[in-house]
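Below is one structure, written out as C-alpha coordinates; the observations come after it.
The values are calculated or read from the model by the stated rules, or taken from the named source; none is laboratory data. All figures in this text were calculated on a predicted structure; none of them were measured in a lab. Note: ideal-geometry Cβ built from the backbone for every residue, glycine included; neighbour counts use all protein chains shown.
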Amino acid sequence: MIQLEHITWSVSSRTILDQVSVAIPANTYAVLMGPTGCGKTTLLEILCGLRRATAGRVLLDGVDVTDLEPRERGIGYVPQDLALFPGLRVREQIGFAPKLRGMAPDALNQRVNRLAEQFGIAPLLDRLPDMLSGGEKQRVALARALAAQPKLLLLDEPLSALDESMRAEAMVLLQRVQQEHALTVLHVTHSSSEAAALGTLHLRMVAGRLVVESQG
Amino acid sequence: MSFNRSNLCWLALALITAGYLLFWALLLGATAAYSTPDSWLQVLRSPEILHATFLSLVTCSFAAGFALLLAVPVGYLMTRLEFRGKSWLDAALDIPIILPPLVVGLCLLIFFQTKIGKVIEMAIPFTYQVTGVVLAQFVVAAAFAIRTMRGTFQHLSARPEDVALTLGCTRFQALWHVALPAARRGMVAAFCIAWARSLGEFGPILVFAGATRMKTEVLPTTVWLELSVGNLEAAVAVSLFMVLLAVLVLVAVRATGEKV
(Lines give C-alpha, C1' and ligand atoms only; values in the text may rest on other atoms or scores of the structure.)
Protein backbone atom coordinates (compact mmCIF):
# COMPACT_ATOMS: atom_id res chain seq x y z
CA MET A 1 0.00 0.00 0.00
CA ILE A 2 1.31 3.45 -0.98
CA GLN A 3 -0.02 6.46 0.84
CA LEU A 4 0.76 10.02 -0.12
CA GLU A 5 -0.33 12.53 2.49
CA HIS A 6 -0.59 16.21 1.56
CA ILE A 7 2.48 16.12 -0.70
CA THR A 8 3.39 19.65 -1.79
CA TRP A 9 6.14 20.66 -4.16
CA SER A 10 6.92 24.31 -4.77
CA VAL A 11 9.70 25.83 -6.81
CA SER A 12 10.44 29.55 -7.16
CA SER A 13 7.19 30.39 -5.29
CA ARG A 14 5.20 28.33 -7.83
CA THR A 15 3.28 25.35 -6.46
CA ILE A 16 3.50 22.34 -8.80
CA LEU A 17 2.01 19.73 -6.47
CA ASP A 18 -0.62 21.05 -4.09
CA GLN A 19 -1.51 18.86 -1.10
CA VAL A 20 -1.53 15.65 -3.14
CA SER A 21 -3.08 12.79 -1.18
CA VAL A 22 -3.88 9.31 -2.43
CA ALA A 23 -3.80 5.69 -1.29
CA ILE A 24 -2.86 2.96 -3.76
CA PRO A 25 -3.62 -0.55 -2.46
CA ALA A 26 -1.01 -3.32 -2.74
CA ASN A 27 -0.85 -5.32 -6.01
CA THR A 28 -2.63 -2.54 -7.87
CA TYR A 29 -1.68 -1.37 -11.35
CA ALA A 30 -2.23 2.38 -11.08
CA VAL A 31 -1.90 4.68 -14.07
CA LEU A 32 -1.30 8.38 -13.70
CA MET A 33 -2.21 10.80 -16.48
CA GLY A 34 -1.99 14.55 -16.86
CA PRO A 35 -0.71 17.30 -19.13
CA THR A 36 3.02 17.85 -19.75
CA GLY A 37 4.72 19.76 -16.92
CA CYS A 38 1.96 19.09 -14.38
CA GLY A 39 4.37 17.36 -11.97
CA LYS A 40 3.89 13.65 -12.71
CA THR A 41 7.63 12.92 -12.88
CA THR A 42 8.22 15.10 -9.81
CA LEU A 43 5.67 13.02 -7.91
CA LEU A 44 7.45 9.80 -8.89
CA GLU A 45 10.80 11.30 -7.82
CA ILE A 46 9.33 12.29 -4.45
CA LEU A 47 7.94 8.77 -4.05
CA CYS A 48 11.27 7.07 -4.66
CA GLY A 49 13.23 9.63 -2.63
CA LEU A 50 15.16 11.37 -5.40
CA ARG A 51 13.45 14.64 -4.56
CA ARG A 52 12.37 15.95 -1.18
CA ALA A 53 8.82 17.27 -1.00
CA THR A 54 8.28 20.79 0.30
CA ALA A 55 5.67 19.31 2.63
CA GLY A 56 3.78 16.07 3.18
CA ARG A 57 4.52 12.42 3.93
CA VAL A 58 5.12 9.23 1.94
CA LEU A 59 4.09 5.95 3.57
CA LEU A 60 4.85 2.48 2.25
CA ASP A 61 2.88 -0.32 3.90
CA GLY A 62 2.12 2.07 6.76
CA VAL A 63 5.79 2.99 7.32
CA ASP A 64 6.76 6.64 6.96
CA VAL A 65 9.63 6.68 4.42
CA THR A 66 9.65 10.45 3.84
CA ASP A 67 13.11 10.88 5.34
CA LEU A 68 14.61 7.66 4.00
CA GLU A 69 17.24 7.56 1.26
CA PRO A 70 16.14 6.13 -2.13
CA ARG A 71 18.16 2.95 -1.48
CA GLU A 72 16.26 2.32 1.77
CA ARG A 73 12.79 2.46 0.23
CA GLY A 74 12.72 -0.72 -1.84
CA ILE A 75 11.17 1.05 -4.82
CA GLY A 76 12.03 0.20 -8.44
CA TYR A 77 12.18 3.15 -10.82
CA VAL A 78 12.22 3.10 -14.62
CA PRO A 79 12.58 6.67 -15.95
CA GLN A 80 11.34 7.83 -19.33
CA ASP A 81 14.80 7.67 -20.93
CA LEU A 82 15.35 4.26 -19.26
CA ALA A 83 18.78 5.47 -18.06
CA LEU A 84 20.74 2.31 -18.73
CA PHE A 85 24.26 2.51 -17.33
CA PRO A 86 26.69 3.49 -20.11
CA GLY A 87 29.55 1.05 -20.49
CA LEU A 88 27.88 -1.82 -18.61
CA ARG A 89 26.75 -4.96 -20.43
CA VAL A 90 23.16 -6.19 -20.11
CA ARG A 91 24.31 -8.92 -17.70
CA GLU A 92 25.95 -6.27 -15.45
CA GLN A 93 22.92 -3.97 -15.68
CA ILE A 94 20.54 -6.69 -14.47
CA GLY A 95 23.00 -7.95 -11.86
CA PHE A 96 23.77 -4.44 -10.59
CA ALA A 97 21.49 -4.38 -7.51
CA PRO A 98 22.02 -8.01 -6.39
CA LYS A 99 25.80 -7.64 -6.75
CA LEU A 100 25.71 -4.42 -4.74
CA ARG A 101 23.99 -6.35 -1.96
CA GLY A 102 26.76 -8.92 -1.95
CA MET A 103 24.89 -11.78 -3.60
CA ALA A 104 27.08 -14.85 -4.24
CA PRO A 105 28.18 -15.22 -7.90
CA ASP A 106 26.17 -18.43 -8.50
CA ALA A 107 22.94 -16.99 -7.10
CA LEU A 108 23.60 -13.74 -8.99
CA ASN A 109 23.99 -15.58 -12.30
CA GLN A 110 20.83 -17.55 -11.60
CA ARG A 111 18.81 -14.41 -10.94
CA VAL A 112 20.20 -12.61 -14.01
CA ASN A 113 19.54 -15.62 -16.26
CA ARG A 114 16.02 -16.12 -14.89
CA LEU A 115 15.07 -12.48 -15.48
CA ALA A 116 16.74 -12.48 -18.90
CA GLU A 117 14.67 -15.55 -19.86
CA GLN A 118 11.50 -13.98 -18.48
CA PHE A 119 12.04 -10.80 -20.49
CA GLY A 120 13.28 -12.56 -23.63
CA ILE A 121 16.68 -10.88 -23.54
CA ALA A 122 18.89 -13.92 -22.83
CA PRO A 123 20.72 -13.62 -26.19
CA LEU A 124 21.54 -9.96 -25.40
CA LEU A 125 23.31 -10.50 -22.07
CA ASP A 126 26.76 -9.59 -23.41
CA ARG A 127 25.66 -6.49 -25.31
CA LEU A 128 26.28 -2.87 -24.37
CA PRO A 129 23.32 -0.42 -24.24
CA ASP A 130 24.39 1.20 -27.53
CA MET A 131 23.81 -2.11 -29.31
CA LEU A 132 20.17 -2.48 -28.19
CA SER A 133 16.93 -1.38 -29.85
CA GLY A 134 14.37 0.76 -28.01
CA GLY A 135 12.25 -2.27 -27.09
CA GLU A 136 15.29 -4.24 -25.91
CA LYS A 137 16.46 -1.30 -23.77
CA GLN A 138 13.05 -1.09 -22.18
CA ARG A 139 13.13 -4.80 -21.26
CA VAL A 140 16.63 -4.47 -19.82
CA ALA A 141 15.56 -1.46 -17.73
CA LEU A 142 12.58 -3.42 -16.37
CA ALA A 143 14.68 -6.49 -15.63
CA ARG A 144 17.29 -4.32 -13.90
CA ALA A 145 14.60 -2.73 -11.68
CA LEU A 146 13.03 -6.12 -10.83
CA ALA A 147 16.39 -7.72 -10.00
CA ALA A 148 16.36 -5.59 -6.84
CA GLN A 149 13.04 -7.29 -5.91
CA PRO A 150 11.12 -4.06 -5.19
CA LYS A 151 7.68 -3.99 -3.61
CA LEU A 152 6.68 -1.05 -5.74
CA LEU A 153 7.57 -0.23 -9.34
CA LEU A 154 7.41 3.32 -10.71
CA LEU A 155 7.28 3.61 -14.51
CA ASP A 156 7.65 7.03 -16.14
CA GLU A 157 6.22 6.81 -19.66
CA PRO A 158 8.11 3.56 -20.30
CA LEU A 159 6.43 2.88 -23.63
CA SER A 160 6.65 6.34 -25.17
CA ALA A 161 9.67 5.52 -27.36
CA LEU A 162 8.16 2.32 -28.79
CA ASP A 163 6.25 1.91 -32.05
CA GLU A 164 2.63 0.63 -32.07
CA SER A 165 3.37 -3.08 -32.48
CA MET A 166 6.08 -3.09 -29.83
CA ARG A 167 3.89 -1.06 -27.50
CA ALA A 168 1.15 -3.71 -27.59
CA GLU A 169 3.72 -6.41 -26.87
CA ALA A 170 5.24 -4.35 -24.04
CA MET A 171 1.82 -3.80 -22.43
CA VAL A 172 1.25 -7.56 -22.29
CA LEU A 173 4.71 -7.93 -20.75
CA LEU A 174 4.04 -5.26 -18.10
CA GLN A 175 0.74 -6.89 -17.09
CA ARG A 176 2.42 -10.28 -16.83
CA VAL A 177 5.32 -8.89 -14.80
CA GLN A 178 2.99 -7.10 -12.38
CA GLN A 179 1.03 -10.28 -11.74
CA GLU A 180 3.99 -12.67 -11.56
CA HIS A 181 5.97 -10.45 -9.17
CA ALA A 182 2.88 -9.36 -7.18
CA LEU A 183 3.91 -5.74 -7.64
CA THR A 184 2.22 -2.47 -6.93
CA VAL A 185 2.83 -0.39 -10.07
CA LEU A 186 2.45 3.34 -10.62
CA HIS A 187 2.68 3.98 -14.35
CA VAL A 188 2.79 7.51 -15.79
CA THR A 189 1.44 7.81 -19.32
CA HIS A 190 -0.02 10.25 -21.84
CA SER A 191 -1.80 7.48 -23.72
CA SER A 192 -5.47 6.86 -22.91
CA SER A 193 -5.37 3.45 -24.61
CA GLU A 194 -2.34 2.43 -22.53
CA ALA A 195 -4.10 3.59 -19.37
CA ALA A 196 -7.30 1.74 -20.28
CA ALA A 197 -5.48 -1.49 -21.11
CA LEU A 198 -3.22 -1.60 -18.06
CA GLY A 199 -4.73 0.36 -15.20
CA THR A 200 -6.94 -0.94 -12.44
CA LEU A 201 -6.73 2.43 -10.73
CA HIS A 202 -6.84 5.59 -12.86
CA LEU A 203 -5.39 8.80 -11.47
CA ARG A 204 -5.17 12.22 -13.09
CA MET A 205 -3.21 15.34 -12.15
CA VAL A 206 -5.41 18.42 -12.39
CA ALA A 207 -4.02 21.83 -11.42
CA GLY A 208 -1.51 20.33 -8.99
CA ARG A 209 -4.04 18.01 -7.39
CA LEU A 210 -4.46 14.26 -7.81
CA VAL A 211 -7.92 13.02 -8.76
CA VAL A 212 -9.01 9.38 -8.69
CA GLU A 213 -10.89 8.91 -11.97
CA SER A 214 -11.88 5.29 -11.66
CA GLN A 215 -11.03 2.19 -9.70
CA GLY A 216 -11.34 -1.28 -11.23
CA MET B 1 22.56 35.88 -56.10
CA SER B 2 22.19 35.18 -52.37
CA PHE B 3 23.94 31.82 -52.94
CA ASN B 4 26.99 33.65 -54.34
CA ARG B 5 27.00 36.13 -51.47
CA SER B 6 26.83 33.26 -49.03
CA ASN B 7 29.78 31.59 -50.76
CA LEU B 8 31.70 34.84 -50.58
CA CYS B 9 31.04 35.05 -46.87
CA TRP B 10 32.32 31.47 -46.29
CA LEU B 11 35.36 32.22 -48.45
CA ALA B 12 36.21 35.29 -46.37
CA LEU B 13 35.87 33.32 -43.13
CA ALA B 14 37.98 30.48 -44.56
CA LEU B 15 40.68 32.98 -45.55
CA ILE B 16 40.79 34.41 -42.02
CA THR B 17 41.14 30.88 -40.59
CA ALA B 18 43.77 29.91 -43.16
CA GLY B 19 45.67 33.13 -42.46
CA TYR B 20 45.80 32.37 -38.76
CA LEU B 21 46.97 28.78 -39.33
CA LEU B 22 49.53 30.01 -41.87
CA PHE B 23 50.87 32.46 -39.29
CA TRP B 24 51.42 29.58 -36.85
CA ALA B 25 52.94 27.37 -39.55
CA LEU B 26 55.36 30.18 -40.43
CA LEU B 27 56.29 30.65 -36.75
CA LEU B 28 57.02 26.95 -36.25
CA GLY B 29 58.66 26.63 -39.66
CA ALA B 30 61.01 29.53 -38.96
CA THR B 31 61.91 28.04 -35.57
CA ALA B 32 62.50 24.60 -37.08
CA ALA B 33 64.64 26.07 -39.89
CA TYR B 34 66.86 27.90 -37.43
CA SER B 35 69.06 24.82 -36.94
CA THR B 36 69.45 21.31 -38.35
CA PRO B 37 68.03 17.99 -37.09
CA ASP B 38 71.59 16.86 -36.31
CA SER B 39 72.16 19.73 -33.94
CA TRP B 40 68.72 19.13 -32.33
CA LEU B 41 69.68 15.56 -31.58
CA GLN B 42 73.06 16.62 -30.26
CA VAL B 43 71.42 19.11 -27.89
CA LEU B 44 68.72 16.70 -26.75
CA ARG B 45 71.36 14.05 -25.91
CA SER B 46 73.26 16.30 -23.49
CA PRO B 47 73.02 15.13 -19.83
CA GLU B 48 71.42 18.40 -18.64
CA ILE B 49 68.66 18.27 -21.25
CA LEU B 50 68.11 14.54 -20.70
CA HIS B 51 67.72 15.24 -16.98
CA ALA B 52 65.34 18.14 -17.64
CA THR B 53 63.33 15.95 -20.05
CA PHE B 54 63.12 13.11 -17.54
CA LEU B 55 62.17 15.49 -14.73
CA SER B 56 59.53 17.17 -16.92
CA LEU B 57 57.94 13.84 -17.87
CA VAL B 58 57.89 12.63 -14.25
CA THR B 59 56.70 15.87 -12.61
CA CYS B 60 54.04 16.48 -15.30
CA SER B 61 52.69 12.95 -14.78
CA PHE B 62 52.50 13.39 -11.00
CA ALA B 63 50.96 16.87 -11.30
CA ALA B 64 48.38 15.65 -13.84
CA GLY B 65 47.58 12.61 -11.69
CA PHE B 66 47.02 14.75 -8.59
CA ALA B 67 45.03 17.26 -10.67
CA LEU B 68 42.74 14.47 -11.88
CA LEU B 69 42.27 13.16 -8.33
CA LEU B 70 41.07 16.63 -7.35
CA ALA B 71 39.15 17.38 -10.53
CA VAL B 72 36.85 14.34 -10.39
CA PRO B 73 35.20 15.08 -7.02
CA VAL B 74 35.17 18.85 -7.56
CA GLY B 75 33.77 18.52 -11.10
CA TYR B 76 31.11 16.08 -9.87
CA LEU B 77 30.10 18.34 -6.98
CA MET B 78 29.85 21.40 -9.22
CA THR B 79 27.59 19.66 -11.74
CA ARG B 80 25.37 17.50 -9.55
CA LEU B 81 24.68 19.66 -6.49
CA GLU B 82 22.79 22.95 -6.45
CA PHE B 83 23.70 25.19 -3.53
CA ARG B 84 23.80 28.83 -2.55
CA GLY B 85 26.94 30.64 -3.70
CA LYS B 86 27.67 28.04 -6.39
CA SER B 87 28.35 30.65 -9.07
CA TRP B 88 30.91 32.34 -6.79
CA LEU B 89 32.64 29.05 -6.11
CA ASP B 90 32.54 28.30 -9.83
CA ALA B 91 34.32 31.59 -10.54
CA ALA B 92 36.82 31.00 -7.71
CA LEU B 93 37.83 27.66 -9.22
CA ASP B 94 38.91 29.49 -12.38
CA ILE B 95 41.20 31.91 -10.50
CA PRO B 96 44.42 29.95 -11.24
CA ILE B 97 43.59 30.23 -14.97
CA ILE B 98 43.39 34.01 -14.95
CA LEU B 99 46.17 34.74 -12.42
CA PRO B 100 49.51 35.83 -13.92
CA PRO B 101 51.82 32.77 -13.63
CA LEU B 102 54.51 34.67 -11.71
CA VAL B 103 51.90 35.68 -9.13
CA VAL B 104 51.02 32.00 -8.58
CA GLY B 105 54.71 31.28 -7.92
CA LEU B 106 55.00 34.24 -5.60
CA CYS B 107 51.88 33.16 -3.66
CA LEU B 108 53.37 29.67 -3.21
CA LEU B 109 56.72 31.09 -2.10
CA ILE B 110 55.11 33.40 0.46
CA PHE B 111 52.69 30.75 1.73
CA PHE B 112 55.56 28.40 2.57
CA GLN B 113 57.16 31.18 4.63
CA THR B 114 54.09 31.32 6.89
CA LYS B 115 53.73 29.19 10.04
CA ILE B 116 51.38 26.72 8.32
CA GLY B 117 53.69 26.50 5.33
CA LYS B 118 56.73 25.85 7.51
CA VAL B 119 54.91 23.06 9.36
CA ILE B 120 54.05 21.46 6.00
CA GLU B 121 57.64 21.81 4.85
CA MET B 122 58.84 19.99 7.96
CA ALA B 123 56.98 16.93 6.62
CA ILE B 124 57.55 17.49 2.88
CA PRO B 125 60.01 20.16 1.72
CA PHE B 126 58.67 22.04 -1.32
CA THR B 127 60.55 25.32 -1.77
CA TYR B 128 63.34 24.95 -4.38
CA GLN B 129 62.75 21.17 -4.47
CA VAL B 130 61.44 18.76 -7.11
CA THR B 131 58.24 18.44 -5.05
CA GLY B 132 57.92 22.22 -5.49
CA VAL B 133 58.01 21.74 -9.27
CA VAL B 134 55.11 19.27 -9.00
CA LEU B 135 53.15 21.61 -6.70
CA ALA B 136 53.70 24.62 -8.97
CA GLN B 137 52.54 22.59 -11.98
CA PHE B 138 49.60 21.14 -10.04
CA VAL B 139 48.05 24.42 -8.85
CA VAL B 140 47.49 25.65 -12.40
CA ALA B 141 46.90 22.27 -14.09
CA ALA B 142 44.20 21.38 -11.55
CA ALA B 143 42.06 24.34 -12.64
CA PHE B 144 42.14 23.08 -16.24
CA ALA B 145 41.42 19.50 -15.18
CA ILE B 146 38.47 20.68 -13.06
CA ARG B 147 37.09 22.61 -16.02
CA THR B 148 37.34 19.51 -18.22
CA MET B 149 35.71 17.19 -15.67
CA ARG B 150 32.95 19.73 -15.04
CA GLY B 151 32.20 19.73 -18.78
CA THR B 152 32.32 15.94 -18.88
CA PHE B 153 29.82 15.48 -16.03
CA GLN B 154 27.58 18.21 -17.48
CA HIS B 155 27.31 16.20 -20.69
CA LEU B 156 26.44 13.01 -18.81
CA SER B 157 22.82 12.58 -17.76
CA ALA B 158 22.33 12.30 -14.00
CA ARG B 159 19.45 9.85 -14.57
CA PRO B 160 21.54 6.64 -14.49
CA GLU B 161 22.98 7.76 -11.14
CA ASP B 162 19.44 8.44 -9.86
CA VAL B 163 18.40 4.93 -10.90
CA ALA B 164 21.51 3.52 -9.20
CA LEU B 165 20.41 5.26 -5.97
CA THR B 166 17.04 3.51 -6.14
CA LEU B 167 18.82 0.19 -6.80
CA GLY B 168 20.69 0.40 -3.52
CA CYS B 169 23.69 2.68 -4.15
CA THR B 170 24.90 5.36 -1.82
CA ARG B 171 25.80 8.63 -3.60
CA PHE B 172 29.47 7.60 -3.48
CA GLN B 173 28.70 4.18 -4.98
CA ALA B 174 26.65 5.83 -7.75
CA LEU B 175 29.67 8.01 -8.54
CA TRP B 176 32.05 5.05 -8.43
CA HIS B 177 29.97 2.42 -10.26
CA VAL B 178 28.00 4.56 -12.72
CA ALA B 179 29.35 8.09 -13.22
CA LEU B 180 33.08 7.31 -13.30
CA PRO B 181 32.92 4.47 -15.86
CA ALA B 182 30.79 6.75 -18.06
CA ALA B 183 33.25 9.63 -17.60
CA ARG B 184 36.44 7.70 -18.37
CA ARG B 185 37.05 9.45 -21.72
CA GLY B 186 36.69 12.79 -19.99
CA MET B 187 39.11 11.63 -17.30
CA VAL B 188 41.70 10.72 -19.94
CA ALA B 189 41.17 14.14 -21.56
CA ALA B 190 41.45 15.93 -18.18
CA PHE B 191 44.70 14.08 -17.43
CA CYS B 192 46.14 14.93 -20.87
CA ILE B 193 45.14 18.60 -20.63
CA ALA B 194 46.59 18.86 -17.12
CA TRP B 195 49.76 17.12 -18.34
CA ALA B 196 50.15 19.47 -21.31
CA ARG B 197 49.50 22.48 -19.12
CA SER B 198 52.11 21.27 -16.61
CA LEU B 199 54.64 20.75 -19.40
CA GLY B 200 54.37 24.41 -20.43
CA GLU B 201 54.43 25.77 -16.88
CA PHE B 202 57.32 28.15 -16.33
CA GLY B 203 56.63 31.22 -14.15
CA PRO B 204 55.51 29.51 -10.92
CA ILE B 205 58.29 26.90 -11.22
CA LEU B 206 60.97 29.55 -11.72
CA VAL B 207 59.80 31.56 -8.70
CA PHE B 208 58.93 28.70 -6.34
CA ALA B 209 61.22 25.80 -7.30
CA GLY B 210 64.06 27.69 -8.97
CA ALA B 211 66.00 26.71 -12.09
CA THR B 212 68.87 24.69 -10.68
CA ARG B 213 70.61 22.56 -13.32
CA MET B 214 70.30 18.80 -12.77
CA LYS B 215 67.94 19.46 -9.86
CA THR B 216 64.76 21.47 -10.51
CA GLU B 217 65.33 22.26 -14.18
CA VAL B 218 62.42 21.25 -16.40
CA LEU B 219 62.08 21.81 -20.16
CA PRO B 220 60.60 25.35 -20.06
CA THR B 221 63.34 26.43 -17.64
CA THR B 222 65.90 24.86 -19.99
CA VAL B 223 64.64 27.10 -22.81
CA TRP B 224 64.97 30.12 -20.52
CA LEU B 225 68.43 29.11 -19.22
CA GLU B 226 69.75 28.46 -22.74
CA LEU B 227 68.30 31.75 -24.00
CA SER B 228 69.84 33.65 -21.10
CA VAL B 229 73.34 32.41 -22.02
CA GLY B 230 72.75 33.07 -25.73
CA ASN B 231 72.58 29.40 -26.79
CA LEU B 232 69.70 29.86 -29.21
CA GLU B 233 70.25 26.50 -30.96
CA ALA B 234 69.69 24.56 -27.74
CA ALA B 235 66.65 26.69 -26.87
CA VAL B 236 65.21 25.95 -30.34
CA ALA B 237 65.84 22.21 -30.07
CA VAL B 238 64.13 21.99 -26.67
CA SER B 239 61.25 24.18 -27.86
CA LEU B 240 60.64 21.95 -30.88
CA PHE B 241 60.73 18.90 -28.63
CA MET B 242 58.08 20.52 -26.43
CA VAL B 243 55.97 21.32 -29.52
CA LEU B 244 56.16 17.64 -30.49
CA LEU B 245 55.03 16.55 -26.99
CA ALA B 246 52.18 19.09 -27.05
CA VAL B 247 51.00 17.81 -30.44
CA LEU B 248 51.06 14.22 -29.17
CA VAL B 249 48.93 15.26 -26.18
CA LEU B 250 46.51 17.11 -28.47
CA VAL B 251 46.14 13.98 -30.62
CA ALA B 252 45.56 11.88 -27.50
CA VAL B 253 42.86 14.26 -26.24
CA ARG B 254 41.15 14.36 -29.64
CA ALA B 255 41.21 10.54 -29.71
CA THR B 256 39.09 10.55 -26.53
CA GLY B 257 36.47 12.64 -28.34
CA GLU B 258 36.90 15.56 -25.94
CA LYS B 259 37.88 19.10 -26.92
CA VAL B 260 40.68 21.10 -25.32
Residue identified as within 21 Å of B:Val58 (Cα to Cα), in contact (Cβ under 8 Å) with a residue 24 or more places away in the chain and of a type in the set (S, T, N, Q) among B:Thr148, B:Thr127: B:Thr127
Residue count for region A:29-53, restricted to those that are more than 14 Å from every other protein chain (Cβ to nearest Cβ), out of contact with any helix residue (DSSP H, G or I) (no Cβ under 9 Å at 6 or more places or on another chain) and not small (Gly, Ala, Ser): 5
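From the set of residues in region B:162-173 that are surrounded by fewer than 24 Cβ atoms within 10 Å (Cβ to Cβ) and part of a helix (DSSP H, G or I), which is farthest from the other protein chains (Cβ to nearest Cβ)?
Of the residues in region B:162-173, the ones surrounded by fewer than 24 Cβ atoms within 10 Å (Cβ to Cβ) are B:162, B:165, B:168-173.
After this cut, where a residue has to be part of a helix (DSSP H, G or I) as well, the list is B:162, B:165, B:171-173.
Details: B:Asp162: 5, B:Leu165: 4, B:Arg171: 9, B:Phe172: 12, B:Gln173: 7 Å.
Only one residue fits best here, namely B:Phe172.
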Only one of A:Ala161, A:Ala116, A:Ala168, A:Ala195 that is in contact with a helix residue (DSSP H, G or I) (Cβ under 9 Å, 6 or more places away or on another chain), part of a helix (DSSP H, G or I) and in contact (Cβ under 8 Å) with a residue 12 or more places away in the chain: A:Ala116
Members of region B:42-57 found to be closer than 16 Å to B:Leu245 by Cβ and exposed (fewer than 13 other Cβ atoms within 10 Å of the Cβ), listed by number: B:Leu50, B:Phe54
Given (1) farther than 29 Å from A:Thr42 by Cβ; (2) among the hydrophobic types (A, V, I, L, M, F, W, C); (3) in contact with a Lys or Arg (Cβ under 8 Å, 6 or more places away or on another chain), index of the condition A:Ala147 fails: (1)
Residues that are touching a residue at least 60 places away in the same chain (Cβ under 8 Å) and touching a Lys or Arg at 6+ places or on another chain (Cβ under 9 Å), drawn from region A:198-212: A:Met205, A:Leu210, A:Val212
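The rows are residues; the columns are (1) under 22 Å from A:Leu44 (Cβ atoms); (2) hydrophobic (A, V, I, L, M, F, W, C); (3) in contact (Cβ under 8 Å) with a residue 24 or more places away in the chain; (4) surrounded by fewer than 16 Cβ atoms within 10 Å (Cβ to Cβ).
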{"residue": "A:Leu59", "(1), (2), (3), (4)": "yes, yes, yes, yes"}
{"residue": "A:Pro70", "(1), (2), (3), (4)": "yes, no, no, no"}
{"residue": "A:Tyr77", "(1), (2), (3), (4)": "yes, no, yes, no"}
{"residue": "A:Ala83", "(1), (2), (3), (4)": "yes, yes, yes, no"}
{"residue": "A:Pro86", "(1), (2), (3), (4)": "no, no, yes, no"}
{"residue": "A:Gln93", "(1), (2), (3), (4)": "yes, no, yes, no"}
{"residue": "A:Met103", "(1), (2), (3), (4)": "no, yes, no, no"}
Test: residue in region B:161-182 that is of a type in the set (D, E, K, R), at pLDDT 95 or above and within 30 Å of B:Leu206 (Cβ to Cβ): no
Check on B:Ala158, within 14 Å of chain A (Cβ to nearest Cβ) and crowded, with 24+ Cβ neighbours inside 10 Å: no
Filter result (within 8 Å of chain B (Cβ to nearest Cβ) and either over 13 Å from the mean Cα position of the chain (by Cα) or basic (Lys, Arg) (or both)) within region A:71-82: A:Arg71, A:Arg73
Only one of B:Arg150, B:Arg80 that is within 14 Å of another protein chain (Cβ to nearest Cβ), of a type outside the set (S, T, N, Q), more than 18 Å from B:Gly203 (Cβ to Cβ) and surrounded by 12 or more Cβ atoms within 10 Å (Cβ to Cβ): B:Arg80
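Just to check your reading of the model, which residue among A:Ala30, A:Ala55, A:Ala26 is over 24 Å from B:Phe172 (Cα atoms), aliphatic (A, V, I, L, M), surrounded by fewer than 19 Cβ atoms within 10 Å (Cβ to Cβ) and under 15 Å from the mean Cα position of the chain (by Cα)?
A:Ala26
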Single residue of region B:177-205 satisfying the filter (within 19 Å of B:Leu50 (Cα to Cα) and assigned to a helix (DSSP H, G or I)) that is farthest from the other protein chains (Cβ to nearest Cβ): B:Ile205
